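Enquirer: Mind having a look at this structure? Questions to follow.
The values are calculated or read from the model by the stated rules, or taken from the named source; none is laboratory data. Treat the numbers as computed from the prediction; the structure is a model and nothing was measured. A quick note on method: Cβ atoms are made from the backbone with ideal geometry, for glycine too, and the neighbour counts reach across all protein chains shown.
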DNA sequence: CCAAAAGTGTTTCACGTACACCCATGC
DNA sequence: GCATGGGTGTACGTGAAACACTTTTGG
């Protein structure tokens, strides 16, 4: 079935940069393309926006279909529309980035035949289209935003240690932080709930587990409180 | 001439929130629509993206065509794609915001028949489509960004007084600033060139004129300098 | 000479930063 | 008992914020 318009239109897609964090480093989820162009190359998950579909809904649908990822933090990044960014025709893409709790999202095969894998942001293959540029922009945005908004918690399990939290910031910001100053600052905000539990299966003194109090943060935010690391 | 595609596509537009500053307040440039939908209503300048045209180029073209505005600071804001945001069909828009030097851009009639006018951001008419929402987002972005990037100078003439500069920040941030602290901070950055000229035609002591040293800022920025008000 | 805005320093306080040692636990 | 990371306090310096008077100019 064909669709006809009075004037030609660019095609419209969404693409997602999905970040996850493990003990080593920050990772990005990529899919291997099984059709031209860039067949066999790694690319960001994404696809065409359907008529009548909201942009964010399209991004969530593609994440689910291509990578089995759902219920994640998702934020619009930027729109890219250089005429030649897709060799087939003029395709404008609205890019999003997502933060997932790797512990909840085991690296699982996609629902279709394509392979899906996590790559370290420091060791990415060459990506299809202008996806390198989009990935870098997402990484920059994450680095900038993580300091002023409590989005980092989206990368950790619900229960986490201060060590894990500090490691998160050190990884994303790519610099070392002072342990005492970090703890003083983060505990001083009074936004972490001490769960009175400790981690298990560690070969040393077990650390206390905390939970981020999102409700409290939202209340404070309305009153002018500014999160900052 | 008709254009046919295998799958239906949303239409794609760009819209621009153009800010200007005068002695009283922050202003937004609007155009009066002369065709349905929302005929006779005020709206943001904008229009359809052509195939083969870059998004920013489309925004600049529409600004020129609809409002006679050119060579302005322009930055992508956000993309809006709610299916019902345009009553005709699914139209996705990439929104931009622009900062213009009102002194250089006299409020002039548009090149076509529509009327164009500046409105105070505090006293806007009801806008067509979801343009209210877009305008608010642009205003929020401007408020947030002006403190960390030297974009405020785009709203002032090339030669300006410290009074004008402070007034700009007070207007955009919507709070009063201490004169001595402001001057100390801004002059301390050493990014303003003292032109050894003074303003004219004022009924009191004339203030010195300064120019923002953009080149110097760009050099410092690369070395890790952070602008901040 | 009066009105109006330009221009100028100091003190205080909060916060960021640097820094080192003892403690608890598993093996 | 030893290796490993958990957990804690203080001193210092920088920078933000509060604050008032004199100077210049035009009318």
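Enquirer: Kindly indicate whether residue A:180 is within 11 Å of DNA strand D (Cβ to nearest atom), in a loop (DSSP other than H, G, I, E, B) and loosely packed, with under 13 Cβ neighbours inside 10 Å. If you could, list the steps in order and put the result at the bottom.
Expert: Values: within 11 Å of DNA strand D (Cβ to nearest atom): yes; in a loop (DSSP other than H, G, I, E, B): no; loosely packed, with under 13 Cβ neighbours inside 10 Å: yes.
When the stated conditions are applied, residue A:180 does not pass them.
Enquirer: Another one. If only one of A:229, A:151, A:186, A:134 is away from DNA strand C (no atom under 15 Å from the Cβ), surrounded by 13 or more Cβ atoms within 10 Å (Cβ to Cβ) and away from chain B (no Cβ under 14 Å), which one is it? Write out each step before concluding.
Expert: Working: A:229 fails: away from DNA strand C (no atom under 15 Å from the Cβ); A:186 fails: away from DNA strand C (no atom under 15 Å from the Cβ); A:134 fails: away from chain B (no Cβ under 14 Å).
Going through A:229, A:151, A:186, A:134 in turn, the sole match is A:151.
Enquirer: Conditions first: (1) in contact with a helix residue (DSSP H, G or I) (Cβ under 7 Å, 6 or more places away or on another chain); (2) within 14 Å of DNA strand C (Cβ to nearest atom); (3) touching a residue at least 24 places away in the same chain (Cβ under 8 Å). Residue B:161 passes all but one, so which condition is the exception?
Expert: (1)
Enquirer: Additional query: Does residue B:92 meet the test of being in a strand (DSSP E or B) and under 26 Å from residue A:50 (Cβ atoms)? Working first, answer last.
Expert: Working: in a strand (DSSP E or B): yes; under 26 Å from residue A:50 (Cβ atoms): yes.
It is true that residue B:92 is in a strand (DSSP E or B) and under 26 Å from residue A:50 (Cβ atoms).
Enquirer: Another question, then. Give region A:5-19 a look and list any residue that's surrounded by fewer than 22 Cβ atoms within 10 Å (Cβ to Cβ) and under 21 Å from the mean Cα position of the chain (by Cα), or say none.
Expert: Selection gives A:13 alone.
Enquirer: Test residue B:142 against the stated conditions and say whether it is buried (at least 16 other Cβ atoms within 10 Å of the Cβ), away from DNA strand C (no atom under 16 Å from the Cβ), assigned to a helix (DSSP H, G or I) and more than 14 Å from every other protein chain (Cβ to nearest Cβ).
Expert: It is true that residue B:142 is buried (at least 16 other Cβ atoms within 10 Å of the Cβ), away from DNA strand C (no atom under 16 Å from the Cβ), assigned to a helix (DSSP H, G or I) and more than 14 Å from every other protein chain (Cβ to nearest Cβ).
Enquirer: Got at least one residue in region B:56-74 being in a strand (DSSP E or B) and crowded, with 18+ Cβ neighbours inside 10 Å?
Expert: Within region B:56-74 (the criterion being in a strand (DSSP E or B) and crowded, with 18+ Cβ neighbours inside 10 Å), the answer is yes, since at least one residue qualifies.
Enquirer: Additional query: Of all residues being more than 12 Å from DNA strand C (Cβ to nearest atom) and surrounded by 14 or more Cβ atoms within 10 Å (Cβ to Cβ) in region B:200-217, which is nearest to residue B:149 (Cα to Cα)? Just the residue, please. Give the steps one after another, and end with the answer.
Expert: Start the filter on region B:200-217 by keeping residues that are more than 12 Å from DNA strand C (Cβ to nearest atom), which leaves B:200-201, B:211-217.
Keeping just the survivors that are surrounded by 14 or more Cβ atoms within 10 Å (Cβ to Cβ) gives B:211-213, B:216-217.
Details: B:211: 16, B:212: 13, B:213: 13, B:216: 14, B:217: 10 Å.
So the residue we want is B:217.
Enquirer: When the residues of region A:189-199 are narrowed to those that are away from DNA strand C (no atom under 11 Å from the Cβ) and touching a strand residue (DSSP E or B) at 6+ places or on another chain (Cβ under 9 Å), which ends up nearest to the other protein chains (Cβ to nearest Cβ)?
Expert: Here the answer is A:191.
Enquirer: The conditions are (1) away from chain A (no Cβ under 14 Å); (2) more than 16 Å from DNA strand D (Cβ to nearest atom); (3) surrounded by 12 or more Cβ atoms within 10 Å (Cβ to Cβ), and residue B:123 fails exactly one of them. Which is it?
Expert: All conditions are met except number (3).
Enquirer: Among residues belonging to region A:164-183 that are over 21 Å from the mean Cα position of the chain (by Cα) and within 21 Å of residue A:209 (Cβ to Cβ), point out the one that is nearest to DNA strand C (Cβ to nearest atom). Talk me through it step by step, then tell me what you get.
Expert: In the first step, residues of region A:164-183 are kept if they are over 21 Å from the mean Cα position of the chain (by Cα); the result is A:176-183.
Filter again for within 21 Å of residue A:209 (Cβ to Cβ), leaving A:177, A:179-180, A:182-183.
On the way: A:177: 8, A:179: 6, A:180: 4, A:182: 9, A:183: 9 Å.
Within region A:164-183, the match that is nearest to DNA strand C (Cβ to nearest atom) is A:180.
Enquirer: Just for region B:5-40: of the residues that are part of a strand (DSSP E or B) and within 12 Å of another protein chain (Cβ to nearest Cβ), which one is farthest from residue B:104 (Cα to Cα)?
Expert: B:5
Enquirer: Going by the conditions given, is residue A:219 at pLDDT 95 or above, in contact with a helix residue (DSSP H, G or I) (Cβ under 8 Å, 6 or more places away or on another chain) and assigned to a helix (DSSP H, G or I)?
Expert: So residue A:219 fails the test.
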